[in-house]
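To start, the structure itself, in structure tokens.
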Amino acid sequence: MAQYDVVIIGGGPGGYNAATRAGQLGLKTAIVEGRGKLGGTCLNVGCMPSKALLHASEYYEAAAGGEFAKLGIEVKPKLNLDQMMAQKAESVEALTKGVEFIMKKNKVEYVKGWGRIDGPGKVVVKAEDGSERVLETKNIVIATGSEPTPLPGVTIDNAGRIVDSTGALSLPTVPKSLIVVGAGVIGLELGSVWRRLGAEVTVVEYLDRIVPGTDTEVATAFQKILTKQGFKFKLGAKVTGAADKGKQAELTLEPVAGGPAETLQADYVLVAIGRRPFTQGLGLETVGITPDKRGIVANDHYKTGVDGIWVIGDVTSGPMLAHKAEDEAVACIELIAGKAGHVNYDIIPGVIYTKPEVATVGKTEDELKAAGVAYKVGKFPFLANSRAKINHETDGFVKVLADAKTDRILGAHAVGPNVGDMIAEICVAMEFGGSSEDVARTCHPHPTRSEALRQAAMGVEGWTMQA
Ligand code: FAD
Ligand code: NAI
């Protein structure tokens, strides 16, 4: 007799949301987590600590970089990095404890230790003290997440001069110089943190553009803004070696297109070239599951090839985002409970939490062009948005893409102040099959930056009022 209806392996956004929903639906549930704290990558070493440092460093730069002075606030800030790190740690601790509370509230058993599948319906959990416990269950949900992709030939232990995102969230001092390998989300967010605190940041990227996959027009504008802020970019550059030289790190690179090699030195090198699914020690071989490069394969109902074994979040295909993991968690558990869980993969927003932010949802203009879709574009610059203007945050624009015939919104892409929050409006409109005219005719509060989005939608209709 199975003791549990569901055993979830992994306590990140995928795992703990699955556990919560399972508890709500009255399923007897256990969640297994090995890191000693719930919350996964996101709460412990991802979304939340990075946002804590982005928030604090933004204020620091506003004070140190003259932005406050322009507003008539004269201060001479002194950086207390230990306090900045301590407030980050406190917030993270509160959040992870909060998840533990949610588990209790929903009658989910939290089993501490590393889980290993030992045949269908059986999970063996090894606790920190080495003891083992067997959980028998009708369903196993794998939510073991992801880990940083290593740079071939480079050892990263986060103790020396070459770090991954986890190390870059806790550098002991502000580096004079930081090299970031990879112009993706982590590189630009954490690069921003350390640049704001005083580091000279050089980003080395293999491709000839930053943030691949993001709408090219937005990415190009974003790169210009970051360059104005002091970021240096070396695009089309292949890293051929990285070495920890004790007091500094050394990086060798050569142009992808060919040409002379170059050696760079910096106090730290942050390697942020993507993440890969994490399945180490999971015992997949005991049930005949072989992951591919994108992780554990499942059908569109989160079922692996083995009855009663399901998979969600970063460890399976799709964007490696917390909200994607959360949505899959709810849908997967609802399917296990015999309900109709569903995730709309066409409407998964992406946000880069720099200043200004980048936000995107739906098809990019590049994708529409490549697919030969007839579309209309509406664009609106923050320079013409009164709230952005009064706040001196005029960099960037919003772009809305709609079907040329039906006017249905196909995507929205923006770089600018608060666009990360703003994009949710377009997600809702798209979820309801909305047209750009629907957004254009919806009353928006004045003065808000969301009016820029409305004006972009009006632009699709050809009647922008303010630009
Ligand atoms: P995870 O959060 O990785 O959780 C998996 C958990 O499973 C881990 O705690 C791990 O210890 C545990 N585990 C693994 N194997 C076992 C086992 N055998 N037994 C027991 N436990 C196990 N996403 C966003 O949407 N927004 C952001 O702003 C954002 N910022 C990020 C910043 C950084 C620096 C990083 C690294 C990532 C960020 N992400 C962000 C991505 C986000 O963290 C992930 O998409 C999200 O955490 C995935 O959730 P998950 O539940 O699939 O996996
Ligand atoms: P990424 O996929 O965003 O960017 C990696 C970059 O590295 C790409 O531009 C790629 O072309 C480049 N690259 C790959 N190999 C390289 C090499 N050998 N040399 C130089 N450049 C190379 O990955 P990143 O930034 O590591 O983030 C990992 C994941 O974490 C992302 O998938 C993202 O979804 C998630 N994340 C999300 C955040 C958010 O939602 N705000 C914040 C941080 C992470």
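Any read-out appearing in this document is the output of simple, stated calculations on the displayed coordinates, not a laboratory observation. Bear in mind that the values here come from a model prediction, so they are computed numbers and not experimental data. Here the Cβ is made from the backbone with ideal geometry for all residues, glycine too, and neighbour counts use every protein chain on show.
Size of the stretch 162-273 from its Cα atoms: along the principal axes, largest to smallest, the extents are 40, 32, 22 Å. Using 0.36 nm per residue and subtracting the Cα-Cα separation, the extra length available between K238 and W463 on full extension is 76.4 nm. Residue exposure proxy: R408, R449, ordered by other Cβ atoms within 10 angstrom of their Cβ from fewest to most, comes out as R408, R449. Each residue of the stretch 6-19 was assigned a 3J(HN,Hα) from its phi angle through the Karplus curve 6.51 cos²θ - 1.76 cosθ + 1.60 (θ = phi - 60°); the sequence is 9, 10, 9, 9, x, x, x, x, x, x, 6, 6, 4, 4 Hz, with glycine and proline shown as x. The gain in end-to-end length when the K176 to D157 segment is fully stretched comes to 4.7 nm, 0.36 nm per residue minus the alpha carbon separation. The HN-Hα couplings worked out from phi for the stretch 214-220 by the Karplus form 6.51 cos²θ - 1.76 cosθ + 1.60 (θ = phi - 60°) are 7, 3, 4, 5, 5, 4, 5 Hz, whole numbers, x standing for Gly and Pro.
In this simple spin-label model, placing a label point 7 Å from the Cα along the Cα-to-Cβ direction at both L207 and A261 gives a separation of 2.7 nm. Based on every Cα atom in the stretch 347-459, Rg and the maximum pairwise Cα distance Dmax equal 13.0, 40 Å.
Defining a contact as two alpha carbons under 8 Å apart and six or more residues distant in sequence, what relative contact order in percent does the stretch 178-311 show?
Numbers: 204 pairs, mean separation 29.1, N = 134.
Worked out over the stretch 178-311, it gives 22 percent.
The phi torsions of the stretch 75-81, fed into the Karplus equation with coefficients 6.51, -1.76 and 1.60 and a -60° offset, translate into couplings of 9, 10, x, 10, 6, 10, 5 Hz, rounded to whole numbers, with Gly and Pro shown as x. Across all Cα pairs in the chain, the calculated P(r) in 20 Å bins from zero up to the longest distance comes to 22, 52, 25, 1 percent per bin. Comparing Cα centroids, the stretch 21-43 and the stretch 161-229 end up 32 angstrom apart.
Around the amide H of G411, modelled in the peptide plane, lie the amide H atoms of K363, L401, all under 5 Å away and 5 or more residues distant in sequence or on another chain. Helical content of the chain, expressed as a calculated mean residue ellipticity at 222 nm, amounts to -10000 deg cm²/dmol (DSSP H runs of 4 or more residues, -39,500 (n - 2.57) each, divided by residue number, nearest 500). Shape class for the stretch 257-382, computed from the alpha carbon gyration tensor (a ≥ b ≥ c): oblate, with a/c not under 1.5 and a/b at or below b/c. Rounded to the nearest 20 debye, the dipole size of the chain about its Cα centre is 500 debye, using +1 on the Cβ of Lys and Arg and -1 on the Cβ of Asp and Glu. In terms of surrounding Cβ atoms within a 10 Å radius of their Cβ, Y375, Y345 rank from fewest to most as Y345, Y375. Database remark: amide H of F233 closer than 5 angstrom to the amide H of V203 (H placed geometrically; neighbours at sequence offset of 5 or more, or on other chains; Pro and chain starts carry no H). Placing one identical point scatterer on every Cα of the stretch 267-319 and ignoring solvent, what is log10 I(q)/I(0) from the Debye formula at q = 0.25, 0.26 Å⁻¹? Here log10 of I(q) over I(0) equals -1.01, -1.07.
Give the order of R196, R275, R35 when sorted by the count of other beta carbons within 10 angstrom, beginning with the fewest. Walk me through the numbers before you get to the answer.
Working: R196 25, R275 19, R35 16.
Ranking R196, R275, R35 by Cβ neighbours within 10 Å, fewest first, gives R35, R275, R196.
The simple spin-label model puts a point 7 Å past each Cα toward its Cβ; for A69 and T227 those points are separated by 2.6 nm. Here's the picture: charge each Lys and Arg Cβ at +1 and each Asp and Glu Cβ at -1 in the stretch 358-467, and of L410, T360, P447 the one pushed furthest to the positive end of that dipole is P447. The modelled label-to-label distance for the pair H301/H55, using points 7 Å beyond Cα in the direction of Cβ, is 4.1 nm.
Summary of the geometry: the stretch 241-299 and the stretch 48-100, compared by the centres of their Cα atoms, lie 29 Å apart. By the beta carbon rule, with partners counted only under 4.7 Å, the chain holds these lone Cys residues: C332, C427, C443. Each distinct pair of alpha carbons in the stretch 24-164 adds a 1/r term; the inverse of their mean, the Kirkwood radius, is 18.7 Å. Shown here for the stretch 99-179: chymotrypsin sites (Phe, Trp or Tyr not before Pro) in loop regions (DSSP other than H, G, I, E, B) with at most 10 other Cβ atoms within 10 Å, of which there are none.
Would the stretch 58-110 count as rounded, prolate or oblate if I go by the C-alpha gyration tensor, calling it rounded below 1.5 in a/c and otherwise prolate when a/b exceeds b/c, oblate otherwise? Prolate.
Dipole magnitude for the stretch 162-273: about 320 debye, using +1 per Lys or Arg Cβ and -1 per Asp or Glu Cβ, origin at the Cα centre. Distances between placed amide hydrogens fall under 5 Å for E147 paired with R276, F278, all partners being 5 or more residues away or on another chain.
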